[in-house]
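S.K.: Questions regarding the structure given below will be posed in turn.
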Amino acid sequence: FTVAALLIAAGTSRRHIVLLAMIAAACIVLLTIAQPYQRARLTSFLHPCAAETKASTGYQACQGEIALGSGGLLGVGLGKSVQKIFYLPEAQTDFILAVIGEELGVLGILGVVCLYGMIAYAGLRTARRAATRYAKLLATGLTSLILCQGVMNIFVVLGLAPLTGVPLPFISYAPTNLCIMLAAVGV
């Protein structure tokens with residue numbers, strides 16, 4: 001998605017972008033169905049709570065949905081999440097948004113989305129004000145890197161995309177990713 005954003009920002013024709021997207025989608029599908037584990041992850045995305053066991057590939061997604069549903073509009077209260085303690089494995093990593101949704105509710109998730117919106121605004125404003133084409137594409141690419149990871153993680157937690165292992169930038173416990181994101185913001 002970051003490469004697609006850069007191609008669009010660079011002015012690549014829509015026909016070429018669509019062709020590249022179709023080729024990439026075909027490659028992703030072929031790679032996904034080639035391995036049994038990845039195929040199981042993809043099918044568990046379609047029905048995450050079917051045959052829910054600790055060994056099931058949909059267990060974490062199902063528990064994340066339960067955490068989000070438990071939070072409601074305002075959440076159960078900061079630090080009062082039950083899912084992160086007993087049910088949601090490694091909640092501090094890829095499914096931290098589910099814990100935020102349980103503790104702070106829909107308003108907490110909207111707050112996180114607003115913070116990413118502020119990053120988008122600042123990054124794209126920087127790209128627009130950049131003096132050279134290289135600087136514009138660099139700012140656009142780094143901004144889209146942060147936003148694409150954030151959107152992908154949000155979609156995974158909400159059950160709109162299959163599990164990918166992409167952390168939520170600046171929030172998930174992912175030290176290497178945090179270093180890269182902070183370097184991107186620094187640039």
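The values are calculated or read from the model by the stated rules, or taken from the named source; none is laboratory data. This structure is a prediction, so every number in the text was calculated from the model and none was measured. Virtual Cβ from ideal backbone geometry, glycine too; neighbours counted across all protein chains shown. Note: accessible area is taken over every heavy atom of the protein model, side chains too, but ligands, DNA and RNA are not part of it. Shrake-Rupley method; radii C 1.70, N 1.55, O 1.52, S 1.80 Å.
S.K.: Kindly indicate whether any position in the stretch 133-142 is touching a helix residue (DSSP H, G or I) at 6+ places or on another chain (Cβ under 7 Å), closer than 22 Å to Tyr59 by Cα and open to solvent by 70 Å² or more (accessible area, probe 1.4 Å).
M.R.: So far as the stretch 133-142 goes, no, none of its residues is touching a helix residue (DSSP H, G or I) at 6+ places or on another chain (Cβ under 7 Å), closer than 22 Å to Tyr59 by Cα and open to solvent by 70 Å² or more (accessible area, probe 1.4 Å).
S.K.: Is it true that some residue in the stretch 121-129 is among the polar types (S, T, N, Q), at pLDDT 90 or above, part of a helix (DSSP H, G or I) and open to solvent by 60 Å² or more (accessible area, probe 1.4 Å)?
M.R.: The answer is yes; a qualifying residue exists.
S.K.: Does at least one position in the stretch 46-64 carry a residue that is of a type outside the set (S, T, N, Q) and at pLDDT 85 or above?
M.R.: Yes, the conditions are met somewhere in the stretch 46-64.
S.K.: Looking at Ala9, Ala26, Ala21, Ala61, can you tell me which residue is under 24 Å from Ser144 (Cα atoms), open to solvent by less than 70 Å² (accessible area, probe 1.4 Å), in a helix (DSSP H, G or I) and in contact with a Ser or Thr (Cβ under 9 Å, 6 or more places away or on another chain)? Let's see the steps before the verdict.
M.R.: Numbers: Ala26 fails: in contact with a Ser or Thr (Cβ under 9 Å, 6 or more places away or on another chain); Ala21 fails: in contact with a Ser or Thr (Cβ under 9 Å, 6 or more places away or on another chain); Ala61 fails: under 24 Å from Ser144 (Cα atoms).
Result of the check over Ala9, Ala26, Ala21, Ala61: Ala9.
S.K.: Can you tell me which residue within the stretch 149-187, out of those that are β-branched (Val, Ile, Thr) and not in a helix (DSSP H, G or I), is least open to solvent (accessible area, probe 1.4 Å)?
M.R.: So the residue we want is Val166.
S.K.: Modelled with pLDDT of 95 or more and β-branched (Val, Ile, Thr): is that true of Val157 in this structure?
M.R.: Considered against the rule, which asks whether it is modelled with pLDDT of 95 or more and β-branched (Val, Ile, Thr), Val157 comes out as no.
S.K.: May I ask you to list pairs of residues, at least six apart or on different chains, whose Cβ atoms are under 7 Å apart, with the first in the stretch 113-127 being more than 12 Å from Ile146 (Cβ to Cβ) and the second being open to solvent by 40 Å² or more (accessible area, probe 1.4 Å) and in a helix (DSSP H, G or I)?
M.R.: Ala127/Lys136
S.K.: Which one of these does Ile146 not meet: (1) of a type outside the set (Asp, Glu); (2) open to solvent by less than 30 Å² (accessible area, probe 1.4 Å); (3) free of Cβ contacts under 8 Å to residues at least 60 places away in the same chain; (4) over 18 Å from Phe1 (Cβ atoms)?
M.R.: It is condition (4) that Ile146 fails.
S.K.: Still on this structure, I have one more. List every residue pair whose Cβ atoms sit under 8 Å apart, with the two residues 6 or more apart in sequence or on different chains, where the first one lies in the stretch 79-107 and is farther than 12 Å from Gln60 by Cα and open to solvent by 20 Å² or more (accessible area, probe 1.4 Å) and the second, anywhere, is of a type in the set (S, T, N, Q) and in a helix (DSSP H, G or I).
M.R.: Listed pairs, sorted by first residue: Val82/Ser70.
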